[in-house]
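The next block holds one structure in the form of structure tokens; read it before the comments.
The values are calculated or read from the model by the stated rules, or taken from the named source; none is laboratory data. Model, not experiment: these values are computed from the prediction. Reconstructed Cβ throughout: ideal geometry from the backbone, glycine too, with neighbour counts over all protein chains shown.
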Amino acid sequence: MENTTVKRGRAARLLAALATTALSLGVLLMAGPATADTVNDEMPYKVSGNVQKSGEPLAGVSINVNGNGIDADVVTDAEGKWKVGVSERNTTYTVTLDETTLPEGVIVKDNPETTDVVEAAVMEVEMGPGGRVTMNYFIGKGERVVAPYIDQVVQRLISGVNFGLMLALAAIGMSLIYGTTGISNFAHAEMVTFGAIVTFVMSGMGAPIWLAIIAAIVASALFGWGLDSAIWAPLRRRNTGLVQLMIVSIGLSLAVRYTFQLFIGGGTEQLPGADAPKIPLFGTVALSWIDMASMAISVILIAAFAWWLMFTRMGKATRAISDNPGLAAASGINVDSVVRVVWIVGATLAGFSGILWAYFRPGIRWDMGGQILLLMFAATTLGGLGTAWGALVGSLIVGVLVEASSLFIPSDLKYVGALVVLIVILLFRPQGILGRKERIG
Amino acid sequence: MDILGILNSTAGFVLAPVTIAYALAALGLAVHFGFAGLLNMGMAGFMALGAYGYAMGILSFGLPWYLAALVGLGAAVVFALILGIPTLRLRGDYLAIVTIAAAEILRLLFLTKTFDEYTGSADGLFGYNGEFQEANPIADGTYGFPPFEDTAATWWVRIVGLLILAIATFAVWRLVNSPWGRVLKGIREDEDAIRSLGKNVFTYKMQALIIGGVLGAMGGLVLAMSSNVNQGQYVTSLTFFIWTALLLGGAATVFGPLVGSLIFWVLQAFLGLLFPAMAEAGLLLGLTSIQAAQIKYIIVGVALVLIVVFRPQGIFGNKKELTFVR
Amino acid sequence: MSGNANPSTTPVKSTGLHIGEPAPGVAKKDPILVADGIVRQFGGLTAVNVDHVEIPRNAITALIGPNGAGKTTFFNLLTGFDQPNEGTWSFNGKSLNGVPSFKVARMGLIRTFQLTKALGLLTVMDNMKLGNTGQRGEKLLSSLIPALWKKQDSEIEVKAMELLKRFKLDAKHEDFAASLSGGQRKLLEMARALMTDPTLVMLDEPMAGVNPALTQSLLDHILDLKTQGMTVLFVEHDMHMVRHIADWVIVMAEGKVVAEGAPDEVMKNPAVIDAYLGSHQDVDLGAVTGRISLPESK
């Protein structure tokens, strides 16, 4: 912790000099906060607290406050105190204590006073109209409960399959779109977020969750149809180049993403049932009914999609276009209408995947789709760009890899593994696992 | 609503360090994409290396600031080599995905607690600019006239930034108007044709990747000199914003990226102040000022789409010379 | 130089190029390019399987064959744009195994492409200048200092103008290549190839898509190359052109060399007629494969 003090000292010396630029940069670049016992002091409302173990202050404990556009890290001072300034009141914030920064043999114990306990170290605090809230952690002696290794592995594998299936729903659509139109669709992330947000808005309006989900799926299909009619179909008629289309999808992604933020704000929202209790299966392995339903529904949807792709007229036409658009068009397939269906199917699957992602994370955020966009790219590339089955296999591998890798590497690096695999695959087998070599180049 | 105040603050961005940083990065992207046809979607990664290399050079290795700056640029060269050796043989959109993934890997490595000692993880690095500011020949105080009134420290960053930008622009202008630049433009259009004429296409692409990457790192360096370093700045959106600035000015031009960055930031600043002010004045149908602040980003996205579709050569580009190849 | 557009010009044919009976793989008196056991497979399909072939020096050799015979693939293999699964080949006695395409080009073996690769967004003059080899200004560091390359660049410009005049493109030297017609682009591509001072020029379907009004001047240019001491190997479907200018003809079918010989002899060879026409052997080859027929001959 000496390091931190040194940094703080120098920071103070330069503070005046940097004030002007830092302010402008801070607003416009969302620059991160400085580590200190007090963060964002200029903001009007405060979340603060005191970390003590039986009256004895604990210094240097990392605490994160998240919600409503704030994501600030703070470290307790010598008196165990910390304070974070926030911009909104009458709302909730998630406060997380990083248990690894506690001294040996000390953990956060369950707090009998707070009801919204996600985990002992993670608390939801309610900021009332007063604009001040204080919260304290119950720290006590205890060993962090460590599950047996085999249980951890099983739990991670199940979690990975769950994540992979969810990813597959999004990646299959992305892959189909790439196969039929050649677009590397960056806006796919927003198609994922869209499903989750519609569900959230509908259930917020009082609809039961099943109705909200159905509404979200219908809305996602319409969203896909709308994007194609308003943007992609006209660009197809203009014969816009692939690079241009890719950049259009980036622009679209930015515009839609910030539109989401405009409506739901920068915080994390929860869908009903997100806090469903875990049902122990064996050992310490536990799953909530949401996890199980999520996997079951993913499998059913993927099977239905497979049937569609393999046996229906439209599905066969889709595969024909992926194989050879020129030939497909020449043999009388209406490429334009097939591509439209592909956008609708892709958006529907992505929207559904978004709902599952909201439960898996858990929480709904305006940029939640963007968080898995590169993993979707990794999955589609891994399996072979433009092949639907490749996307499925790739997603499962990426899902398991991401979840299981946290057994070996720090969990904040778990996405790195998948991205490294993405790059390595592109280098040594650019056609992917199931792709054909001839398609490349 | 204080229109004058908004215009005043906006004008401050005309020569702000962040504008200079964007101009440098956009210039690098022009070398990559506009002249060599390389679809680099990982510019944020190069910028992060410039910034972190500089800050870590001072904080972790105890180097003088000018050597630390070179560490940042050198890191960008190494990154370009690591990225380029395997990927420059791949098709364009693969390069895009590899670069975006590589930049994100870098950011996650800067974010992880594992290397907290060196990178400051989520908190980033700060307090490294002391020596750089001690080298400031300008006496303390504020200089200039509103809206260009700033402290000596800011002026120092600005002068160093402009100097770097001027040298970089001149060098790029020389390069692209030389036979070397001719080969590069040829590669942009058809690699095989250039290969069939006996040119080592790979070497040229690699040189372009390195030069553009170093320019990006210079952008990161200027950002780091003007504020603190945090991985939250170097997200993929930053790459997209720089693309917007580049395409706004014209990808295959030398001065387009500079003007594009200027327009980008002036509009960003103006709209970022205008919409919240309008919201407070109740002109935006009940949006709060925080919501209204998002509108400018939506406009960036829409603008990017419109430019690419309707004016792909940018404001200054020549339609005949470059739109989009392939 | 024959700027004459009269198709009746009879070019001087080189004869006596081979040793012994003309047959697939026959030895040449002075071969410039020799290929042995070249095999290229795509998946399960064998696109090229050439046992032995030699290309005679300072002559015009035509490589003909029906669509899918592997001619362009063979071109790609010889010039380093593709690598064979097995086989050896050499140019001027130097092995080309594993030599990358740009190094092959530097050795003096220059090719053009079936689909013209004129660089449309560069000017005609810039296209030409790109052809010149050994330019100081093309090195990264010296390109920064114009004094190092300005003089050489103006010399190149003079040379380029001379070539453009020969190809009747000099009036267009400031235009973007994209504004040229298809035939002019073919001419530009050939002129650009000549900027490299090649010893062997390989033309992939030089006549495809060229306006008939331009064909004669293109033919003359190809004949010129021989006069200037270069060797020409070209792929062509137009039998009229093959008969008119080729000194030697190599026929490929299904990846193999099926016949070799002087143009008139080869056209009568039953193996060739069979390769082109299957069972319709009673039709004269030249009449059928002339410029009007074979709708898919692109």
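Overview of values
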read-out: Residue within the stretch A:6-22 that is within 14 Å of another protein chain (Cβ to nearest Cβ), modelled with pLDDT of 75 or more and either part of a loop (DSSP other than H, G, I, E, B) or closer than 28 Å to B:V157 by Cβ (or both) present; value: no
read-out: Failed item in (1) buried (at least 17 other Cβ atoms within 10 Å of the Cβ); (2) facing another protein chain (nearest Cβ under 7 Å); (3) closer than 18 Å to A:S411 by Cβ, with B:T119 passing the rest; value: (2)
read-out: Flag if C:K165 is at pLDDT 90 or above and within 30 Å of C:S14 (Cβ to Cβ); value: yes
read-out: Sole exception among (1) in contact with a helix residue (DSSP H, G or I) (Cβ under 7 Å, 6 or more places away or on another chain); (2) more than 14 Å from chain C (Cβ to nearest Cβ); (3) over 22 Å from B:G45 (Cα atoms) for B:Q233, by number; value: (3)
read-out: Boolean, B:T87 is touching a strand residue (DSSP E or B) at 6+ places or on another chain (Cβ under 6 Å), of a type in the set (V, I, T) and free of Cβ contacts under 8 Å to residues at least 24 places away in the same chain; value: no
read-out: Residues satisfying the stated conditions in the stretch A:277-313, i.e. surrounded by 16 or more Cβ atoms within 10 Å (Cβ to Cβ), part of a helix (DSSP H, G or I) and among the aliphatic types (A, V, I, L, M); value: A:I290, A:M295, A:I297, A:L301, A:I302, A:L309
read-out: Residues satisfying the stated conditions in the stretch C:49-63, i.e. farther than 11 Å from C:D247 by Cβ and among the polar types (S, T, N, Q); value: C:N49
read-out: Residue check, B:T114 facing another protein chain (nearest Cβ under 7 Å), touching a residue at least 40 places away in the same chain (Cβ under 8 Å), farther than 19 Å from B:A217 by Cβ and part of a helix (DSSP H, G or I); value: no
read-out: Qualifying residue in the stretch B:21-28 (condition: out of contact with any Pro (no Cβ under 6 Å at 6 or more places or on another chain), within 11 Å of another protein chain (Cβ to nearest Cβ) and at pLDDT below 95); value: no
read-out: Any hit, the stretch B:63-78, residues being under 30 Å from C:L122 (Cα atoms), away from chain A (no Cβ under 11 Å), touching a Gly at 6+ places or on another chain (Cβ under 8 Å) and modelled with pLDDT of 95 or more; value: yes
read-out: Criterion violated by B:G301 - all others in (1) under 19 Å from the mean Cα position of the chain (by Cα); (2) away from chain A (no Cβ under 13 Å); (3) on the phi < 0 side of the Ramachandran plot satisfied; value: (2)
read-out: Check on C:G98, of a type in the set (G, A, S), over 19 Å from B:D190 (Cβ atoms) and touching a residue at least 60 places away in the same chain (Cβ under 8 Å); value: no
read-out: Elements of type helices (runs of 4 or more DSSP H) contained in the stretch B:239-311, each with 3 or more residues being under 22 Å from A:R89 (Cα atoms); value: B:256-280, B:289-292
read-out: Test: residue in the stretch A:248-270 that is surrounded by 14 or more Cβ atoms within 10 Å (Cβ to Cβ), at the interface with chain B (Cβ under 10 Å from one of its Cβ atoms) and more than 22 Å from the chain's Cα centre (by Cα); value: yes
read-out: B:R188 being within 15 Å of B:A30 (Cα to Cα) and over 19 Å from the mean Cα position of the chain (by Cα); value: yes
read-out: Sole residue being of a type in the set (K, R) and at positive phi, chosen from C:K168, C:K172, C:K226, C:K186; value: C:K168
read-out: Filter pass, A:A274 being farther than 20 Å from A:G195 by Cβ, more than 8 Å from chain B (Cβ to nearest Cβ), touching a helix residue (DSSP H, G or I) at 6+ places or on another chain (Cβ under 8 Å) and surrounded by 14 or more Cβ atoms within 10 Å (Cβ to Cβ); value: no
read-out: Lone qualifier among B:E104, B:E134 - being more than 7 Å from every other protein chain (Cβ to nearest Cβ) and acidic (D, E); value: B:E134
read-out: Subset of the stretch A:362-375 [away from chain B (no Cβ under 13 Å) and either assigned to a helix (DSSP H, G or I) or within 24 Å of B:I298 (Cβ to Cβ) (or both)]; value: A:G363, A:I364, A:R365, A:M368
read-out: Any pair with Cβ under 6 angstrom, 6 or more apart, that starts in the stretch A:56-74 at a residue that is within 12 Å of chain B (Cβ to nearest Cβ) and within 12 Å of A:L97 (Cβ to Cβ) and ends at one that is assigned to a loop (DSSP other than H, G, I, E, B) and among the acidic types (D, E); value: A:S62/A:D98
read-out: Conditions (1) touching a helix residue (DSSP H, G or I) at 6+ places or on another chain (Cβ under 9 Å); (2) within 14 Å of chain B (Cβ to nearest Cβ); number of the one not met by A:A230; value: (1)
read-out: The listed residue being in a helix (DSSP H, G or I) and either at the interface with chain B (Cβ under 8 Å from one of its Cβ atoms) or at pLDDT below 85 (or both), out of A:A391, A:A404, A:A378; value: A:A378
read-out: Any helices (runs of 4 or more DSSP H) falling wholly within the stretch C:98-205 and containing at least 3 residues that are facing chain B (nearest Cβ under 8 Å) and farther than 30 Å from C:D30 by Cα; value: C:124-131
read-out: Residue check for B:I159: under 30 Å from B:E189 (Cβ atoms) and either in contact with a His (Cβ under 6 Å, 6 or more places away or on another chain) or surrounded by fewer than 16 Cβ atoms within 10 Å (Cβ to Cβ) (or both); value: no
read-out: B:G286 over 23 Å from B:L165 (Cβ atoms) and either at the interface with chain A (Cβ under 10 Å from one of its Cβ atoms) or in contact with a His (Cβ under 9 Å, 6 or more places away or on another chain) (or both); value: no
read-out: Hey, C:N92 touching a Leu at 6+ places or on another chain (Cβ under 9 Å), more than 14 Å from chain B (Cβ to nearest Cβ) and at pLDDT below 90 or not; value: no
read-out: Residue in the stretch A:336-349 that is surrounded by fewer than 16 Cβ atoms within 10 Å (Cβ to Cβ) and part of a helix (DSSP H, G or I) present; value: yes
read-out: Options B:I159, B:I164, B:I210; residue that is more than 9 Å from chain C (Cβ to nearest Cβ), farther than 17 Å from B:G84 by Cβ and touching a residue at least 40 places away in the same chain (Cβ under 8 Å); value: B:I164
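For every residue, the table says whether it meets (1) among the polar types (S, T, N, Q); (2) not in a helix (DSSP H, G or I).
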| residue | (1), (2) |
| --- | --- |
| B:D93 | no, no |
| B:I97 | no, no |
| B:A101 | no, no |
| B:F110 | no, no |
| B:N136 | yes, yes |
| B:A139 | no, yes |
| B:F148 | no, yes |
